[in-house]
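Okay, structure first, notes after.
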Amino acid sequence: MLEIVPLSPSHDHAEAIRSIKLASDVALIVWDIPGPCSVPPRCVRQDGEVMAPLASLRLGRVDGGTRILWALRARTPLRLVVSAGTLGPSDTIDVDPADPFIGPDIAALVDDLDGRARVSLLTALLTSWCGAFRLSRSTTFAEAVQLVTQELQPGSAPAAVACLPTRDSALVEFTTSADLGAISSAHLVTERGIQRLTCEVYTRKPDRSGRRGLTLLVEGNATSLASGTLVLIGENGTAIRALGKGGARPANFLRWWGTRRNDGALTEFLVRSLSLKSEEARLAVIDMQARAALPPKAIELAPFQPGAEVDLALSLDGGLLVGGWFRDPQELIAGIDHVTAEATRSLDAVWHPFPGRVGTTEGNGRDDATGFIAYLPHEKPAGPILQPRFRMRLRSGTETKLIPKPQPIDAATMRAGALRSVPLQHATGALLSTTLGPALAEIQRRVVKSAAIAKVEQFGSAPAEPLFSIVIPLYRVLDYLRFQVAAFATDRGLRDQAEIIFVLDSPEQADEVSHLLGGLYRLYKMPMTLAVMSANAGYARANNAGVELARGLVVNLLNSDVIPIGGSWLARLGDKLGGSARIGAVGPKLLFEDGSLQHAGLYFQRDARGTWLNHHYFKGMPGGHAPANRPRLVPAVTGACLVMLRETFADVGGFTEDYVIGDYEDSDICLKIRSAGQNVAYEPGVALYHLERRSMRRNGDYMRGIASRYNSWLHTRRWDAVIGALMGEAAEGPEAASAGRRSAA
């Protein structure tokens, strides 16, 4: 047993036991026992109560004996009687905090220990003991650990700070034995104390000599890594390296990266690790990849030979969207894979192939090929990798790299690439559900997140307490702005009761629009507000941003190509809201420029794929067509001119922002209003001109058709059962319901 008694000066140290000073108030008792020791030392107070040791360690020696270490706080002189178990040998040791620190005693701790014991000793000093006694800032303890590391690995191999990716991170490179195993922790020992490093480790494959390179991405100021001893604790041992030897300064990050850009696994490690740390770090890895891009590599199309190219590889948080083509006239291709350091996944196991044509190597024609698109979900975000790695496998066993050109990183360009990735006729429900849908959903969230009101400019003084707020999104087309503002100016009711808010969704036109509205204000003295978005995010985001600025009781969402015909049109629409019919939203009659009907309410009808599409009642009929001139409740009304209480807009969450570019948001909000227990009405007593989809025609991404197909698919997934019941599908069946709607129309 072990007993603590007052120190007697006449009592000498036993020969086999010694006390070593670890810090000002921490002592280490070292006791060598011949043979194994299965019972740890114990401490029994004079009253007989057993005390657990603060920290103890049993280490094997090369001669088969046991070295027992017992760490304790010693603020006053103590005499200890130590026993290995109840019946084991005992000895006495005096501990005095005034004793000097003796380096050779520390170094002798390592003598005669076997390999596993040496790892255990260093691990305990750096981890559990350092924390238990709060010794990380003790210079004495740091010196003790330094001495132990020097004994374990004399003349430690050097390690260097290779470069500084950001102001608060550093990359340290060195080599170790492959036997070290996985790294569990890293520590920096300096004369100032001991620091456990926050770092991530990239490990290269071992070379022929059994050595492997390590790259540590360390958080913190690089100044702290200028000198000291770096200790890595692995599952099978430790690696000890001297930092700062040689005096070499860290290299420029881009220059360092340029020599390693062919290491795809290292790229993945750095992109994934750095992009999660900060926006500065994310931009750094994007710039790194762009400046040191790999040359794109495709397998050139040639007659009677296999060819392939990956031209789309969007690295998203949820997965990787991949598109390209291959040509295999002799059926030699076994597959195309996405290759990472952690796994290799086959694109051909999940891709959607479709027929296509690509240019020939001679550039004088186009040959048949098979296009494909695939989505590979991630278990964890991979970060913004601009050039993911691929390979084509041939049945002969040959493998060839495929390297895409650097991919876009801004959300709008990524969205454009995704919308161009597959022909419209091949955008099946299965493809949208498993492949394009998940990617577009994430990209659209990025687009929306990137856009906010960047600037608000006021022309004139708006009414202090407006009854109406007219919100008009602008996107590129300004042709009808003069006519619209002129129509507002001639409506006397609008001057005193309405605020007009233009939301510019093409910010590159800010100066042009500001100049135009300024001139119109000087001409008509009609107060207006211009809100400029920071980026184009689509119809829903622009309208929601405009309503956030609105102060009116009633909001009117109005397209920039809708021109009022007479006065008091907005007041008459607003009067229809509420009442016994519980009208939550109302839309007017809209006419084409020739007077024919453009809108008399919306209904839904399935297409050949079973997707619900929006249709306009009586579209193209004369404006005086009798069935179109009866006020009535309708399934939905168009967002070209949509009127509701601002409170209703807020209650249903405004426009849903995950539809791409602009379509189906209007029927979506109408269905949300209906789900809240209110109705949607069509009011033909108010007519306006609508020069349909003029701004939409300027958006090439939308006119390619995939955006509309995606929006209708998304709308159907969200509202399928509700629309089916609304259109009488449950009672009549799809065919009968459709026939009835066609007859009514």
Taking the C-alpha atoms of segment 153-269, convex hull volume expressed per residue in Å³: 114
Long-range amide H partners of Asn556 with built H, under 5 Å: Ser469, Ile470, Val471
Shape parameters for the chain, alpha-carbon atoms, Rg then Dmax in Å: 37.4, 121
Amide H within-cut-off set for Ala162, under 5 Å, with H built and near neighbours excluded: Leu171, Val172, Glu173
Relative pair counts by distance (%), Cα atoms of segment 453-740, 5 Å bins: 1, 6, 12, 17, 20, 18, 13, 7, 4, 2, 1, 0
Gain upon complete extension [Thr413, Phe483; 0.36 nm per residue less C-alpha separation]: 21.9 nm
Where N is the number of residues in segment 307-440, Cα Rg divided by 2.2 N^0.38 Å: 1.02
Once exposed loop GluC sites (Glu not before Pro) are cut out (DSSP; at most 14 other Cβ, 10 Å), longest piece of the chain: 380-592
Percent of C-alpha pairs per 5 Å bin, segment 88-232, short to long: 2, 8, 16, 19, 20, 15, 9, 5, 3, 2, 1, 0
Rounded to whole Hz, the Karplus (6.51, -1.76, 1.60) HN-Hα couplings of segment 404-410, x for glycine and proline: x, 5, x, 8, x, 10, 7
Rg over Rh [alpha-carbon atoms, Kirkwood Rh] for segment 260-359: 1.02
Segment 588-688: C-alpha pair distances exceeding 20 Å, %: 40
Around Asp337: net Lys/Arg minus Asp/Glu count, Cβ-Cβ under 10 Å: +2
Long-range amide H partners of Lys455 with built H, under 5 Å: Val532
Angstrom value of the Kirkwood radius, inverse mean 1/r, which spans all Cα pairs in segment 138-215: 14.3
Debye intensity ratio I(q)/I(0), log10, segment 403-539, q values 0.14, 0.20 Å⁻¹ (C-alpha model): -0.75, -1.11
Alpha-carbon radius of gyration plus Dmax, which is the widest Cα pair, for segment 194-234 in Å: 12.3, 35
Rounded FRET efficiency, nearest 0.05, which uses the C-beta distance separating Ser24 from Ser346 and R0 of 60 Å: 0.45
Translational diffusion of segment 493-539, µm² s⁻¹ [Kirkwood Rh, Cα pairs; Stokes-Einstein; 4 °C; 1.567 mPa s]: 112
Rel. contact order, % - alpha carbon contacts under 8 angstrom, at least six apart, the chain: 7
Spin-label model distance (nm) - Lys449 vs Asp287, 7 Å beyond Cα toward Cβ: 2.2
Cα pair distances of segment 446-508 binned at 10 Å [whole percent]: 17, 47, 28, 8, 0
Fraction of alpha-carbon pairs over 12 Å apart in segment 630-683 - percent: 64
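Bear in mind that the values in this text are calculations on the coordinates, not laboratory data. Note that this is a predicted model, so its numbers are computed, not measured. Note: ideal-geometry Cβ built from the backbone for every residue, glycine included; neighbour counts use all protein chains shown.
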